[in-house]
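The values are calculated or read from the model by the stated rules, or taken from the named source; none is laboratory data. Being a predicted model, the structure only gives us computed values, none of them experimental. When we count neighbours, we look across all protein chains shown, and the Cβ atoms used for this are built from the backbone with ideal geometry, even at glycine.
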Amino acid sequence: MRESLKDFNYGSKIIKRTLGQVVWYWFKYVLMIGILILVMGMFALVYFTPQIPKFLDNKLPEISLSIKDGQVSTSVAEPYVWGDKNMALVINTQGTVDDLKDYQAGVLILKNKLVVKNENETKLVDLSDIKEEVKFDKAGIVKWSTENKMWLLVVGFAILLSLLLILGIFYLIWQAITFLFWSFGFLLYSKILKKKLQYLDILKLVITASVIPLFISALNIVFQDKILSILSFGVLVYYCAIWIYHLPSGKK
């Protein structure tokens, strides 16, 4: 990588490589960052999972709820609201679905239904099939989380891995589209400079020049700084432009 940053004539070496070699050069750094995020996430899970019971004990409200023969009963004064306008838990066994209309998202517990609302839709879950008594209270939830820390850790790891895979696939698709777009732009630039380059040659240069912006983008996820976004864009444009400019005119 150091050679590619210091040598302005490095473009001639890049275009002699196969597309597979260039893609792997870029992808191995994507893989490295992904593994680093996975390891950091695992350390965070190992650290925070044992603290879940204490967190629930401090944050959960003192409520008791039971469901028997499809009917909900509770010990709290109704209507009960826990949360805010953005996200709330509402218990009102004598209420209607409209009790959630003032909240962007939340869960509403009615006499025989569970209503789950988010910004896009509202779902109703019928509780009439629950015949045996099911109880929920703060003490029970805290106790369950204490006795099932390993299960919570496994579930947390599965969720983390699934999210990374899904986000990774979307990221790769988006980057592929971005590479194709930028290659068209730099192909026009090469024509202006009278460089006889093929589209595939430009694509190789764009992919290679995207390695440093990849690390800058990773930092930007943490710091959320517009300057880093501008810097990432600038590095890509700078190296593609400088490599194409220093290629011999009329031939590779």
Quick check on the range 49-62. Is at least one of its residues closer than 17 Å to Ala218 by Cβ and either in contact with a Leu (Cβ under 6 Å, 6 or more places away or on another chain) or not assigned by TED's automatic domain parsing to the domain that holds Lys195 (or both)? no
Residues that are surrounded by 13 or more Cβ atoms within 10 Å (Cβ to Cβ), charged (D, E, K, R) and closer than 13 Å to Phe136 by Cα, drawn from the range 59-111: Lys68
Could you count how many residues in the range 110-134 are in a loop (DSSP other than H, G, I, E, B) and within 22 Å of Lys85 (Cα to Cα)? 5
Go through the range 112-141 and report how many residues are surrounded by fewer than 10 Cβ atoms within 10 Å (Cβ to Cβ) and within 21 Å of Ser75 (Cβ to Cβ). 1
Among the residues of the range 142-198 satisfying the criterion of being closer than 18 Å to Ala44 by Cβ and of a type outside the set (A, V, I, L, M, F, W, C), which is nearest to the chain's Cα centre (by Cα)? Ser162
Selection within the range 75-108 - of a type outside the set (Val, Ile, Thr), farther than 18 Å from Pro61 by Cα, more than 28 Å from the chain's Cα centre (by Cα) and part of a loop (DSSP other than H, G, I, E, B): Gln94, Gly95, Lys101, Asp102
Report yes if Leu188 is surrounded by 13 or more Cβ atoms within 10 Å (Cβ to Cβ) and among the aliphatic types (A, V, I, L, M), otherwise no. no
Find all pairs meeting these conditions: Cβ atoms under 8 angstrom apart; at least six residues apart or on different chains; first residue within the range 220-237 and within 24 Å of Thr208 (Cβ to Cβ); second residue surrounded by fewer than 16 Cβ atoms within 10 Å (Cβ to Cβ) and of a type in the set (Ser, Thr, Tyr). Asn220/Ser229
What single numbered condition from (1) aliphatic (A, V, I, L, M); (2) over 13 Å from Trp182 (Cβ atoms); (3) part of a helix (DSSP H, G or I); (4) touching a helix residue (DSSP H, G or I) at 6+ places or on another chain (Cβ under 9 Å) fails to hold for Ile230? (4)
Suppose we filter Phe157, Phe215 for residues that are in the same structural domain as Tyr29 (by TED's automatic domain parsing), farther than 25 Å from Gly20 by Cβ, touching a residue at least 40 places away in the same chain (Cβ under 8 Å) and not aliphatic (A, V, I, L, M); which single one remains? Phe157
